[in-house]
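Down below is the structure, laid out as structure tokens.
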Amino acid sequence: MELRRFGRTGMNISPIIFGGIINMNESIDAATQYVNFALESGINYFDVAPSYGDAQSRLGPALRDHRKNIYLACKTMSRDAAGAEKELEESLHILETDYFDVYQLHALTTEDDIDRAFGPNGAMDLLLKAKRDGKIRHIGFSAHNEDIAMKACRLYDFDTVLFPMNWALGIQTGWGDRIAEEVKKSDKGLLSMKVMVSRMWRDNEPKVYPKSWCRPVYDDDRLAIAGMKYGLYKGGDALVPPGDFEHFLFMLKHIDECVKYPLTEEDLTYLREEASKVKDELIFRI
């Protein structure tokens with residue numbers, strides 16, 4: 001598994017990242033085993049957030065002896081400076097680190113999120129100060145709305161973007177096209193999430209993987225692999241697995257294949273057929 005250039009950040013990262021939500025609601029022993037397996041497999045980028053339950057407290061001790069050899073990213077849901085500072089300091093303490101390689105505004109979704117984060121005494125003021133103080137090395141954001149993501153990019157030249165490059169959404173609506181072009185143009189690092197997801201959970205459908213609020217592709221290897229290839233095709237420097245260790249293992253098993261044999265027209269035709277089946281159950285409303 002070869003490392004990949006992460007935009008202009010100067011970091012070379014594994015093509016799959018370890019999402020901290022994998023450790024959520026797991027025992028300390030299990031979480032440590034997951035992290036050790038990831039490290040032994042060549043994963044060097046770990047991402048977590050305060051909103052992932054107890055994931056931070058599980059990830060911090062597991063990474064304690066490896067901090068100098070990995071990249072650690074975290075997030076804040078707070079839109080004001082005081083709240084963001086509180087979350088940043090708590091995360092630094094829980095994760096047993098002095099700095100984050102990437103710190104992100106988490107889940108930008110509405111105009112209000114933007115107005116508050118970029119307004120007076122907003123979260124961006126805190127992130128910029130923290131970067132000057134050496135507590136943050138790169139500033140990024142995650143978004144669940146492409147219009148909002150584009151507006152964020154106009155307001156600040158972020159280093160990284162964490163965005164859903166979901167094949168069904170992209171094929172049915174063009175979702176992700178604009179942010180993919182923006183990332184390419186400005187050489188931002190791009191993490192593609194929701195690539196192994198098909199649709200929303202249906203009413204009364206057994207939620208086989210409760211950590212995922214939308215349905216992962218867990219019963220169709222061809223579709224899962226094509227979805228991974230799609231996330232790379234859209235410009236992703238690395239892929240984000242759904243929230244369970246099983247999906248992380250699947251991505252690890254198939255990532256070299258996806259990098260070596262990129263998305264083909266045959267793959268796209270297959271994804272178009274599958275996307276038409278879920279066009280009324282897309283994970284975000286456009």
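Listed by position, the helices (runs of 4 or more DSSP H) enclosed by region 189-286 that each have at least 1 residues that are under 15 Å from residue 171 (Cα atoms), touching a strand residue (DSSP E or B) at 6+ places or on another chain (Cβ under 7 Å) and not β-branched (Val, Ile, Thr) are 221-233.
Considering only residues in region 18-69 that are surrounded by 15 or more Cβ atoms within 10 Å (Cβ to Cβ) and β-branched (Val, Ile, Thr), the one that is farthest from residue 93 (Cα to Cα) turns out to be 43. Taking the conditions (1) crowded, with 21+ Cβ neighbours inside 10 Å; (2) touching a Gly at 6+ places or on another chain (Cβ under 6 Å); (3) at pLDDT below 95 in turn, residue 196 satisfies each one other than (3).
In region 261-273 there is no residue that is at pLDDT 95 or above, under 23 Å from residue 143 (Cβ atoms), buried (at least 20 other Cβ atoms within 10 Å of the Cβ) and within 18 Å of the chain's Cα centre (by Cα). Taking region 1-50 as the search range and keeping residues that are assigned to a loop (DSSP other than H, G, I, E, B) and of a type in the set (S, T, N, Q), which one is farthest from the chain's Cα centre (by Cα)? In this case the residue turns out to be 27. Counting only residues that are in a helix (DSSP H, G or I) and either closer than 27 Å to residue 169 by Cα or touching a His at 6+ places or on another chain (Cβ under 6 Å) (or both), region 118-156 holds 10 of them. Within region 97-117, the set of residues being outside any strand (DSSP E or B) and among the aliphatic types (A, V, I, L, M) comprises 114, 117. For region 215-254, filtering for residues that are of a type in the set (Val, Ile, Thr), over 16 Å from the mean Cα position of the chain (by Cα) and closer than 24 Å to residue 40 by Cβ leaves 1.
The values are calculated or read from the model by the stated rules, or taken from the named source; none is laboratory data. What you see is a predicted model; the values in this text were computed from it and never measured. A quick note on method: Cβ atoms are made from the backbone with ideal geometry, for glycine too, and the neighbour counts reach across all protein chains shown.
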